[in-house]
Structure formats: C-alpha cells, structure tokens
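Contents: one structure, followed by commentary.
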Amino acid sequence: MATARLTPKPLPADIRLMNATAALLAAVAVLALGAAALGWLARQPVFAVAAIKVEGEVTRNSVSTIRANALPRLAGNFFTLDLARSKQAFEAVPWVRAAVVRRIWPNRLAVQLEEHRPAALWRSGSDSDEATEKLVNTHGEVFEANLGDVEDDELPTLQGPEGSSAPMLAMWARLSPLFLPLDARRIRLLKAPRAARKPRRAAAREAAP
C-alpha cells in the first residue's frame, strides 16, 4: 500500500522576513562583540611597545641617542602604532636619511637606518650674511646637521638656488678632476638664479647704443 508524501507548505512572506532579520541582527551582534573583544585585547599592556631594535648605519648617533630622539614622537602600541609616522620620527633624527620600521610580535619594533654621507657643503641664499650653511649628501640632497661632526675638512662648497643641489653635485663630480692639485676647501661652485642670467645676445643688444 503506497503512502502519500506530504509537501511542507512554504512559510508566509512575513515569517521569512522576520527570520532573515533575526539572523542578520545575530550576525551583526557577533561581529560587534568580536570587534569589542579585539579592541579590548589590543589595549592590553602586553602589546605596549617594550623594545626597539635599531639596525643599519649608526655611526653618527648612538642607539640610545636615536631612541631618545624618536621615542617621544611615537604613539600607540603594537597594533595601533602608525608605521608611516614612526618612519618620520626616526628620519627626523640628525644624520638619518631613511628609516624602515616594522613590527615584531608581540611588542617590539625593528628599525633599519640609512645615514647621510656628506659630499659637499651647501650655502643657501646669496653672499650676504643671511646665507646659511648646510650639507649635501652623496644623493645630492641638502640636509641639516652639526658641521662640527664632519670629519672631512676638504669638502667643496656648492651654492645655488633651491632645488639645484643634485645637478650641482653632478657638475662638481665632472669638474673635480681638474681641481685635484688645489685645496678643495678653497673651491666654491656657484650657480646664479635663472632670473640673474641673461643670454649673451640679449646682453649685447642692451649694450649696443
């Protein structure tokens, strides 16, 4: 004797909507609880930055000096620390050209440093007393540092408009073999601002009666 199979009746639309809403609210609650738990966990003292490992070039500054200069600018723990701002904090230390900062689980930082290597003195401004002396590194970048820390006392002096340090350093590299017999300290390579330079033909026309 065959038995008839009963097909369940579909739930009314309002019941299905209520079930879907309840499932959605439950999922949102679980996510909110998870986020709160993670936030609480991230704020625990165990994740406060406890040590900073400094690697790379540290000939100009001691590790303790680097830490003392950078630490006041660091904010946050292992999870919340902004690596871009941390990079800027270390690059603000004198003689530091570039820094790479990475996290080491669970509460440490590792910092790889590259230092400036002076290639020339840089004199900004004009020949007036307002001109200031800085340094140019081997990449043609101007940077500020204590000139008394420079061991090489035979660096040439470059002077020019803002942004011209790299091409002037390249020009000095081409011309320096010509000045080998001379004292580099007495050599100053000067580039006048564009507005102060006039084409020879224009100058000749102005000079003509």
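For every residue, the table says whether it meets (1) at pLDDT 90 or above; (2) part of a loop (DSSP other than H, G, I, E, B); (3) more than 18 Å from residue 110 (Cβ to Cβ); (4) assigned by TED's automatic domain parsing to the domain that holds residue 103.
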site: 11; (1), (2), (3), (4): no, yes, yes, no
site: 19; (1), (2), (3), (4): no, no, yes, no
site: 27; (1), (2), (3), (4): no, no, yes, no
site: 52; (1), (2), (3), (4): yes, no, no, yes
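Apart from one condition, residue 148 fits all of (1) loosely packed, with under 14 Cβ neighbours inside 10 Å; (2) modelled with pLDDT of 90 or more; (3) more than 19 Å from the chain's Cα centre (by Cα); the exception is (2). Within region 55-96, the set of residues being of a type outside the set (A, V, I, L, M, F, W, C), at positive phi and either touching a helix residue (DSSP H, G or I) at 6+ places or on another chain (Cβ under 8 Å) or at pLDDT below 90 (or both) comprises 76 only.
Set side by side, the residues 111, 101, 93 differ, and just one is under 13 Å from the mean Cα position of the chain (by Cα), over 30 Å from residue 155 (Cβ atoms) and surrounded by 15 or more Cβ atoms within 10 Å (Cβ to Cβ), which is 101. Within region 54-75, being surrounded by fewer than 16 Cβ atoms within 10 Å (Cβ to Cβ), without any contact (Cβ under 8 Å) to a residue 24 or more places away in the chain and closer than 16 Å to residue 110 by Cβ holds for 63, 71.
The values are calculated or read from the model by the stated rules, or taken from the named source; none is laboratory data. All values derive from a computational prediction rather than experimental measurement. Positions of Cβ are generated from backbone atoms using ideal geometry, with glycine treated the same way; all protein chains shown enter the neighbour counts.
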